[in-house]
Each structure stands twice: as structure tokens, then as C-alpha cells.
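Each value in this text was obtained by applying a stated rule to the coordinates, not by laboratory testing. None of these values were measured; they are calculated from a predicted model. Reconstructed Cβ throughout: ideal geometry from the backbone, glycine too, with neighbour counts over all protein chains shown.
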Amino acid sequence: MLKNKVLNSITSAYYIPSKYTIFSYNSRDFKKKTNFDDATFFHEFLHFIQDVTLPYLLRQATASSLERHYFSLSACHAQKITAPFYNWPGDYQTLSQQYDFTWGNQQAIENFGTITSHEKISEHSINDINVHKYELTSSTGMKCTLSAKDLIEFITRKIENKRWKEKHYYDIPYKIVDIVLDYLGLGEICDSTKILLIEFCLYNDNPVNQLFFIAKDHKHEIIKADDNNTAYDFFKLYQWRSRGNFSENVLSKLLRRKKSHLEYFKVCYGEDTFVTIREWLHHVLTYKFNDDNNLFVFYFLFQLDPMKLKFTLEDYLTEIGIPVLINEAGEHISMTPVKFTSNSFINFYVESLLIQSLQDGDWMCPLLKYKMCPGVKNNYIWCKNDFLNILASRHPCLMTETLDKMNLSHLPIIRINPIDFYEA
């Protein structure tokens, strides 16, 4: 899940949330590394399982589907595609704002120190919803923002350490949650309870805010549950009031997010091209990862001994697969079960790159930018300097193929001046 120039030096791959895709920087024999004796694949596959089981990430996947839906609706209504693209409805803007505020920035800090203070920063959204983030100040004078991404990495690292001994990880992103739990007075609870606590927070739409809230109001109950080995029941039975003023618990929240995501995905990807992906997604969201309820999957995985853990992940890979593995040479494979084989999985990922590039008004083709394509042989200059020319001319490539599958290739594509756009 981590990608920038600094982090490239400490990871050889990353998982792409909501697109069920693992990207590898290794362009040599990357197919041979798709096994659970490879620490990198093990780590990124856990991120994939998080993506289809944690309500926070399921909500982001729904927002990603809506992005595609609203983009297509707006383009068809205007009878043109513009770059940059601004025309998003209020509901999507709220989801996007919440994601931007809670997901976090790319950070890599080797020695952060201990936390001396924190500041809660709140922002009001257009739909009368407050979103929050927490800025931490350390004993070394540095500042960082604790994010949902940090919570996700914490769980993955703890489970990875069941197979491989603790490395000298960077404090951020890998150790920051342990440092925060020390600061909140929960550093002495056992690792399995820590995973339960953090996984519980990722059932919330604002996981970090949930962590600070429950640590403040229920610290002693959590410590007591840890001492009595009843932490699972404590978090399973915990009730809260949802924004819609109804009672919620982890099971009702998980079921609600799964149902919502399946419904929106069916609407947003209703074309025949995506029928196999719809069937695969339904299979995954109804798959039995640990029990009939699929609560706290990562707590369950953490309880397994190292070999049982490996065999369990191998079963997951066999029975649900991973839709896309791609490397920086542009090579890609799919490892879904045979009945879910589809060439559209790669387009599902590429269209998100296309929409983001059009939204930002990028000039370089994102496939070239991320080294997933060498560029069109006779028109490389277009790929590099203005890839809209490739789309407009419908030159055969993965990008134009993706636009076709979105049923938008018939529309004119216009690059606009942002100043002129706002004056219009």
C-alpha cells in the first residue's frame, strides 16, 4: 500500500486498494514469487484480504466504484470528456474528503522517538459531517499524522512476524501504532488484543478517531478484558450509535458495508464486460474466511501457528485468488479461480489510472508514468507529452481499450484551461 520514492527503498511491491491489484517493482521472474514463502507476496496478499473484509476499506471500494459511475454519467451528459475533470456530485465529494483526511500521506521515518503530545484536527464536510485526523509530536521534535494506513500496516506486520522475525523496520509506517498505544496507556496489552483493538477501529469510517475515543473512554475495560482473555467478546459485543441514529455493532456494520458495496458495484459496473468481475466479487464477499460471520479475520489469522497460517493463505489464494499482479515492465497476470477468468480485471485497474489522470489534467500517460508500458512505438511523444492524442485517435493500446469498455470512446476529449473553466 505504500508507494513513493522513499518507500521504494524499503519495499519491492505494493497493493493498490479497491482495485485488487499487486504491483511489483521486480520485472524479472515476478511470477515465481507468487507463493507464501516469499515475504513480499505474503505481506501484499494480506493487504488484499484486508481490502475485502474490513468495513473501512469496503467503503473506500464503494467510493471508487462511484467515482467511475459519476465520471461516466457526467461525461455522457456533457457529451464530452474534459481534462482536468471537476464535475463531481456532493455525495462523492464527501466520501473523497473523508478518504483524503483519514487515509494518510506517504511517510517513511526511521527514528521517530516517543510521543509527547497530539492534536486533533477537524474539518467540516459539505454534507454536515465532521472528519478528524491526529497530528503527533515526538520527543525528537518531529511531527506526523497517524492514519488509517498506519493501522493497516500494523496488522500486516504483526501477522508477517509470525513467519519472519522482526526486522529493523522504520518507525513510520511500521512501528508507529505500537508507539501510539504506549502513549495511550495500552502498550502492555498482548499482541492479539492489540490486533483486535486496531481491527475493531477499522470497522469505523474514521479509524484513528475511533482509536483515540475508545482508548480514552474504555481503556480500563480493554485492559481488564485483556487480563481475562475476553477481549474478543468485548469488541464483538460493543455497541455504538450510528450517524443515522441506529444501534450498530461490528457484525451489523460489516454486513451493511458488504451489501452496500455489492449493490453499488452492480450499478456502477453493469456492462456485460464486467459480469465475471461481479460474480467474483460476490463470491469473495460471501466467502468464509474464518467463520460464518467473518468477524475479526486478522485476529483469527494471528492465532494460527506459522505453518497453519501459510496453509490458510494458500487456501484463500486457491479459492478466491488475486485478480491482477502487474510489474513495472507492464507484464500482468491474474490468479483467480478458472471460473472467474476474465481479461477485464486489468481494465478495472487501468480505468482508475485513466480517471485520476483526467481529473488531474495530467499530460503523460499514467501507464508510461508508472512504467507499466513502454509507450506506443510510433507515437511515444504523444504518450509522454499529451496522451489525450492517443485516446482521441483511438490508437490501439490498453488505455484506449479501457475507454472502450467504459463505453466512452465515442466522446470528444478536450483539454481545458482551468482558469477559463472557472470563468465559464
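Can you tell me the length gained on complete extension of the stretch Ser96 to Asp182, counting 0.36 nm per residue apart and subtracting the Cα distance?
Working: separation 86, 0.36 × 86 = 30.96 nm, distance 3.14 nm.
Computed gain between Ser96 and Asp182 is 27.8 nm.
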Task: Inverse of mean 1/r across different Cα pairs in the range 44-160, Kirkwood, Å - done: 16.8
Task: For the range 159-213, size of Cβ-based charge dipole, Lys and Arg +1, Asp and Glu -1, in debye - done: 240
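Dipole size in debye (nearest 20) for the range 362-423 around its Cα centre, Lys and Arg Cβ +1, Asp and Glu Cβ -1? Write out the running numbers ahead of the final one.
Details: 7 positive and 6 negative charges, 72 e Å.
The dipole magnitude comes to about 340 debye.
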Task: Debye intensity ratio I(q)/I(0), log10, the range 362-423, q values 0.19, 0.26 Å⁻¹ (C-alpha model) - done: -0.72, -1.11
- [ ] Describe numerically, in nm with one decimal, the distance between label points set 7 Å from Cα along Cα→Cβ at Trp363 and at Glu119.
- [x] 3.7
- [ ] For the chain, restrict the atom set to alpha-carbon positions and state the Rg and Dmax in Å.
- [x] 21.9, 69
- [ ] Return the single residue from Phe246, Phe234, Phe274 with maximal mean-square fluctuation; model: Gaussian network over the chain, springs between Cα atoms under 10 Å.
- [x] Phe246
Task: Global size of the range 212-264 as Cα Rg and Dmax, reported in angstrom - done: 13.8, 42
Task: Cβ-placed point charges (K, R +1; D, E -1), dipole of the chain about Cα centre in debye, nearest 20 - done: 560
- [ ] Would you work out which of Leu408, Cys373, His395 lies farthest towards the positive end of the dipole of the range 362-423, given +1 charges on the beta-carbon of Lys and Arg and -1 on that of Asp and Glu, about the Cα centre?
- [x] Cys373
Task: Residue-averaged 222 nm ellipticity for the chain, from DSSP H runs of 4+ at -39500 (n - 2.57), nearest 500 - done: -15500 deg cm²/dmol
Task: Cβ-defined net charge surrounding Tyr203, 13 Å radius [Lys, Arg +1; Asp, Glu -1] - done: +3
- [ ] Name the shape class, rounded, prolate or oblate, that the alpha-carbon gyration tensor gives for the range 197-323, where a ≥ b ≥ c are the square roots of its eigenvalues, rounded holds for a/c under 1.5, and otherwise prolate holds if a/b is larger than b/c and oblate otherwise.
- [x] oblate
Task: Local net charge near Lys19, Cβ-Cβ under 12 Å (Lys/Arg +1, Asp/Glu -1) - done: -2
Open item on the list: Please list 3J(HN,Hα) in residue order for the range 343-353, calculated via the Karplus relation 6.51 cos²θ - 1.76 cosθ + 1.60 where θ = phi - 60°; whole Hz, with x for glycine and proline.
Closed with: 6, 7, 4, 5, 5, 4, 6, 5, 5, 5, 5
Open item on the list: Please list, in order, the residues from the range 317-347 whose amide nitrogen is less than 17 Å from a point placed 7 Å along the Cα→Cβ vector of Asp38.
Closed with: 317-318, 321-336
- [ ] Report the one residue of Tyr264, Leu295, Cys383 whose Cα lies farthest in the direction of the positive end of the charge dipole of the chain (charges on C-beta: Lys and Arg +1, Asp and Glu -1; origin at the Cα centre).
- [x] Cys383
Task: Whole-Hz ³J(HN,Hα) from phi, Karplus 6.51 cos²θ - 1.76 cosθ + 1.60, for the range 40-46, glycine and proline x - done: 5, 5, 4, 5, 6, 5, 4
Open item on the list: Output wanted: per-residue J couplings in Hz (rounded whole) for the range 258-274, from phi through Karplus 6.51 cos²θ - 1.76 cosθ + 1.60, θ = phi - 60°, x for Gly and Pro.
Closed with: 5, 4, 4, 5, 4, 5, 5, 4, 4, 6, 6, 10, x, 5, 4, 4, 9
Open item on the list: Restricting to bridges with both residues inside the chain, how much of the DSSP beta-bridge set is antiparallel, in percent to the nearest 5?
Closed with: 75
Open item on the list: Could you tell me how far the Cα centroid of the range 324-388 sits from the Cα centroid of the range 225-251, in Å?
Closed with: 42
Task: When each of Lys133/Lys175; Lys33/Lys158; Lys165/Lys224; Lys224/Lys259; Lys165/Lys258 is checked by Cα-Cα distance, pairs over 27 Å - done: Lys165/Lys224; Lys224/Lys259; Lys165/Lys258
